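**Student:** Dumping the structure here so I can ask a few things about it.
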Amino acid sequence: MYRTDSRKAEEFICHEEILDTLDYAQAHCNDLAMVRSILEKAKACKGLTHREAAILLECRDAQMTEEIYQLARDIKQRLYGNRIVMFAPLYLSNYCVNSCTYCPYHIKNKHIARKKLTQEEIIKEVTALQDMGHKRLAIESGEDPLHNPIDYILESIRTIYSIKHKNGAIRRVNVNIAATTVENYRKLHEAGIGTYILFQETYHKENYEKLHPRGPKSDYAYHTEAMDRAMEGGIDDVGIGVLFGLNTYRYDFVGLLMHAEHLEATFGVGPHTISVPRICPADDIDTNDFENAVSDEVFQRIVAVIRLSVPYTGMIISTRESQRSREKVLELGISQISGGSRTSVGGYAESDLLEENSAQFDISDHRTLDEVVAWLLRLGYIPSFCTACYREGRTGDRFMSLVKTGQIANCCTPNALMTLQEYLEDYASPETRVLGDEMILRQMEEIPNPAIRRRALENLARIKKEGKRDFRF
């Protein structure tokens, strides 16, 4: 039944294999010699199997837990340094024909204000986002063939890329929309999207079908096989994730890693990103209805073990999580975070219109982008607005090969610093600008290649003195 390279959902996400893996982890999680051998394997940054990862997730020995966390910190620093990529979600429409029991967009919800942005409203939203300093967006939309057809999504992408406001420009548009056809994925690829993102929600087929009783999303296989179709359509970078709390976290953790293994086995490259949202309150959704809610302690362990298991995959956390929660997992594996987010349709340009609430979920971190940038700088991170790899064609296996050989380090830090300098010049508060200038000064000294360091210094000077923008290695 279980075949990693199968194109059938129930074979590459095999229920029996997951149950066997969970039993195996229970049986071996107290074998500290085995746990230590798995950690030794993880140190090579070659990744872990879903079975090895399940053992680490289940191990509760205090010393081993600290070693898991420390190794996650070491791998995060080795591969990503102290860079944290910034992005914002942009909700285009909350019209939806599905009946997902955990999402307020569900078709039976009569409380939520339904709204779809016109192209003129998208211009206002994107202008507001550019005024904040954002360069990377993730567009979101409910599934509704009438209100949100693929042509609407494509037109919206063209509009977003066309907007140039002062020194602002959106340089990468990631797309989080419902599972679709190879033909439509090909259209998204031709439109120049970055990453195609789709959360599985849960890999447990029976529970998935209960959570999605009606609508096109109720088709488990079609949804689970979406990333295969996206890659067939030419999209190199795909992002997967589950909504922890819908099902038991152990089951979905194993399913998530099996999905990553499947993409690697089938297409030669795993997911570009993995997102780790937890169920949270929203409109008519009460999290008390979900008995599998994930604690902060378990959440941190999930992040750490994912980092050991898929070291070259970016990890994303949203403003669902509080400042405190985000701070704890940043060092354990997170490489991308949102800032200044709104989860309502039209929430950036009309953020004060609270009576027209069209939010998908409640936000826990309400800080502005500038406050998030300053916070990261104080913690010793480089807030990065870089989109260079995508725009230089370093995607899919080309990106992964550079990361795995370490050559990407010659690009990432200088690119991050140059985009940070742009932010400081154009958008930062005086306090944030002081913190950022100090960070850039310190980090420039640590760029090992003297030629790259010299060129980066020249570019930084041109950004500050000449008003030039968009340098990249």
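**Student:** What is the Cα coordinate range of the stretch 99-255 on the first, second and third principal axes, sorted by size from largest, in whole angstrom?
**Tutor:** Result, largest extent first: 50, 38, 29 Å.
**Student:** Would you mind checking which residues have amide H under 5 Å from Lys115's amide H? H placed 1.01 Å from N; only 5 or more apart, or other chain.
**Tutor:** Here the answer is Asn94, Tyr95, since their amide H atoms fall under 5 Å of that of Lys115.
**Student:** My understanding is that a pair violates if its Cα-Cα distance is over 23 Å; which of Lys108/Lys187; Lys210/Lys328; Lys205/Lys328; Lys124/Lys166; Lys135/Lys404; Lys187/Lys404 do that in this structure?
**Tutor:** Lys108/Lys187; Lys210/Lys328; Lys205/Lys328; Lys135/Lys404; Lys187/Lys404
**Student:** Follow-up. In nm, what is the difference between 0.36 nm times the number of residues separating Arg454 and Asp151 and their Cα-Cα distance?
**Tutor:** Here the answer is 104.5 nm.
**Student:** If R₀ is 30 angstrom, what is the calculated FRET efficiency for the pair Lys164 and Glu232, using the beta carbon separation as r and rounding to 0.05?
**Tutor:** Computed FRET efficiency for Lys164 and Glu232 comes out at 0.35.
**Student:** By per-residue mean of other Cβ atoms within 10 Å, what is the highest-first order of 298-307, 1-10, 448-457?
**Tutor:** 298-307, 1-10, 448-457
**Student:** On to the next question. Antiparallel versus total DSSP beta bridges in the chain: what percent is that, nearest 5?
**Tutor:** 10 percent
**Student:** So, in Å, what gap is there between the alpha-carbon centers of the stretch 403-455 and the stretch 237-254?
**Tutor:** The two parts, judged by their Cα centres, are 34 Å apart.
**Student:** Averaging the inverse of every distinct alpha carbon separation and then flipping it gives the Kirkwood radius. What is it for the stretch 9-76, in angstrom units?
**Tutor:** Mean inverse Cα-Cα distance, inverted, gives 12.6 Å.
**Student:** Could I ask something else about it? Using a simple spin-label model with points 7 Å from Cα along the Cα→Cβ vector, what separation in nm is obtained for Glu431 and Thr101?
**Tutor:** 4.5 nm
**Student:** Same structure again: Quote the charge dipole size of the chain about the Cα centre in Debye, to the nearest 20; the model charges only the Cβ of Lys and Arg (+1) and of Asp and Glu (-1).
**Tutor:** I would put it at about 1740 debye.
**Student:** For the charge dipole of the chain, defined by +1 on Lys and Arg C-beta atoms and -1 on Asp and Glu C-beta atoms about the Cα centroid, which residue among Thr159, Leu198, Leu56 has the Cα displaced farthest towards the positive pole?
**Tutor:** It is Thr159.
**Student:** I'd like the Karplus ³J(HN,Hα) series for the stretch 383-395: coefficients 6.51, -1.76, 1.60, θ = phi - 60°, whole numbers in Hz, and an x wherever there's a Gly or Pro.
**Tutor:** Those phi angles translate into x, 10, 10, 6, 9, 5, 4, 4, 7, 9, x, 8, 10 Hz.
**Student:** Shifting gears a bit: Roughly what would the spin-label model give for Glu11 and Arg78, points 7 Å off Cα along C-beta, in nm?
**Tutor:** Going by the 7 Å Cα→Cβ label model, 3.5 nm.
**Student:** Now, a different point. Could you calculate the contour length gain from Thr266 to Arg186, that is, 0.36 nm times the residue separation minus the distance between their Cα atoms, to one decimal place in nm?
**Tutor:** Contour length minus Cα-Cα distance gives 26.9 nm.
**Student:** Multiply the residue separation of Asp31 and Tyr2 by 0.36 nm, subtract the distance between their alpha-carbon atoms, and state the gained length in nm to one decimal.
**Tutor:** Length difference between fully extended and current span is 7.8 nm.
**Student:** Take the Cα atoms of the stretch 393-465, build their convex hull, and give its volume per residue in Å³.
**Tutor:** Convex hull volume per residue, Cα atoms: 105 Å³.
**Student:** Quick one: if the Förster radius is 22 Å, what FRET efficiency do Ala44 and Arg398 give, using the C-beta to C-beta distance and rounding to 0.05?
**Tutor:** With a Förster radius of 22 Å, E is 0.50.
**Student:** While we're here: Give the separation of the Cα centroids, the stretch 300-352 to the stretch 56-126, in Å.
**Tutor:** Comparing the Cα centres of the stretch 300-352 and the stretch 56-126, I get a distance of 6 Å.
**Student:** Let me ask something else. Over all alpha-carbon pairs in the chain, figure out the percentage whose distance exceeds 42 Å.
**Tutor:** When all Cα pairs of the chain are counted, 12 percent exceed 42 Å.
Taken together, the values in this text are just the output of simple stated rules run on the coordinates, not laboratory data. Keep in mind that this is a model prediction, so the values were computed, not measured. Neighbour counts are summed over all protein chains in view; Cβ atoms, including those assigned to glycine, are modelled from backbone coordinates with ideal geometry.
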